[in-house]
Amino acid sequence: MKSHHGAEPSKLKVIGIPEGLMIFEQKQLWKKFFESLGCHAVCSGHTTKRIMNSGIELCCNETCLPVKAFTGHAASLCGKADCIFIPRYSSVCSHEKSCPKFCGLPDEVRISLNNKTKFLEIDIDFNRDSKKTQKSLDLLAGELGRSPKTVRDAFDSIVKPGLAAEVSPNRSCSYEPGAPVLAVLGHPYMIFDRLLSMNLIGKLQDAGYRVMTPYDVRRSVRRKNVAPFLSDSFFETGLDMLGGAQALVNLPELAGMVYLSSFACGIDSLVLEIIEHKIRNGRRIPFLKITIDEHSGEAGFDTRIEAFLDMLPNTESIRREKIV
Ligand code: SF4
């Protein structure tokens with residue numbers, strides 16, 4: 001019997017998709033990919049306290065918060081899917097590399113979950129060895145009982161165009177002059193995840209600000225603004241933040257910047273310093289850096305945000321307008 005997408009049913013019917021790290025923004029791509037191959041895709045949903053706590057229990061202390069969250073998402077799918085999909089992102093485009101934690105993610109999660117379920121992976125390495133990707137797609141084809149050509153075609157038409165898209169599928173990239181802007185910098189799976197970010201964006205919007213992020217800037221503009229750091233010795237997410245921050249800092253309505261960083265993130269520790277240095281030596285706008293881990297409390301977090309907003313020159317008038 002054929003699935004509703006017209007493909008023959010797959011050997012592995014239900015694929016679990018953990019909604020963390022890079023899949024946080026790309027879940028629709030992967031869902032569509034597996035469904036086009038006749039599988040049923042189950043996503044883990046929003047990060048909850050239960051997911052976070054299980055990730056914290058399963059991972060070693062030194063792991064960054066988003067990897068702990070991802071592991072919790074994967075654990076929540078055990079028993080709900082025939083296998084869990086964890087891509088190995090070494091590089092999504094030539095001359096760029098991904099964070100090393102992305103490269104080792106399938107191994108890290110497999111060990112943390114003690115191999116208690118079946119895993120599927122695809123190697124994505126468009127910088128050094130795109131043949132690796134083809135090989136892993138062929139292995140996947142065997143697992144799913146599909147022809148290698150079917151799987152390669154589905155990957156090329158559905159996933160590949162979305163991996164390094166100009167505009168993130170969930171972001172607008174539109175800019176209209178208006179209310180004062182606060183730029184929020186950080187990895188997308190941190191700043192757009194309500195639980196990990198403690199709803200930072202919502203809180204700033206409630207205070208009357210328009211929030212923009214590096215992902216509201218087109219990818220080509222982010223790359224254009226990142227010089228002199230554009231090289232294959234820098235990590236892709238770092239380039240996004242550096243180039244995005246450099247583009248946003250020129251907005252006339254910019255009132256301040258908030259950098260939300262995860263404890264133990266090597267990329268943040270470097271990028272944050274470079275951005276702060278650039279701001280201190282250029283347009284001196286208020287800049288708040290917040291580093292969080294699983295022990296960070298929301299009350300202390302809110303106090304820091306409040307204090308920062310109180311420091312901004314036009315906060316009072318914005319708040320009065322909002323009340324009226
Ligand atoms: S970029 Fe930072 S936060 Fe993201 S996975 Fe790597 S170390 Fe963790």
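Points to keep in mind about this one:
- Residues of the stretch 209-239 satisfying the condition of being of a type in the set (D, E, K, R) and either at pLDDT below 80 or over 29 Å from ALA179 (Cβ atoms) (or both): ASP232, GLU236
- Members of the stretch 13-41 that are part of a helix (DSSP H, G or I) and over 20 Å from the mean Cα position of the chain (by Cα): PHE34, GLU35, SER36
- Only listed residue being within 16 Å of the ligand (Cβ to nearest atom) and farther than 18 Å from ILE158 by Cβ, chosen from LEU77, LEU21: LEU21
- Helices (runs of 4 or more DSSP H) enclosed by the stretch 177-286 - at least 1 residues per element that are more than 16 Å from the ligand (Cβ to nearest atom): 200-206, 219-224, 236-248, 266-281
- Selection from the stretch 74-95 of residues that are aliphatic (A, V, I, L, M) and either over 30 Å from ASN127 (Cβ atoms) or not in a loop (DSSP other than H, G, I, E, B) (or both): ALA74, ALA75, ALA81, ILE84
- Boolean, GLU316 is modelled with pLDDT under 90, acidic (Asp, Glu) and assigned by TED's automatic domain parsing to the domain that holds VAL221: yes
- Test: residue in the stretch 51-63 that is in contact with a strand residue (DSSP E or B) (Cβ under 7 Å, 6 or more places away or on another chain) and either among the hydrophobic types (A, V, I, L, M, F, W, C) or not in a helix (DSSP H, G or I) (or both): no
The values are calculated or read from the model by the stated rules, or taken from the named source; none is laboratory data. Computed from a prediction, not measured in an experiment: that's the story for all the values here. Using ideal geometry, Cβ is built from the backbone for each residue, glycine included, and neighbour counts are taken over all protein chains shown.
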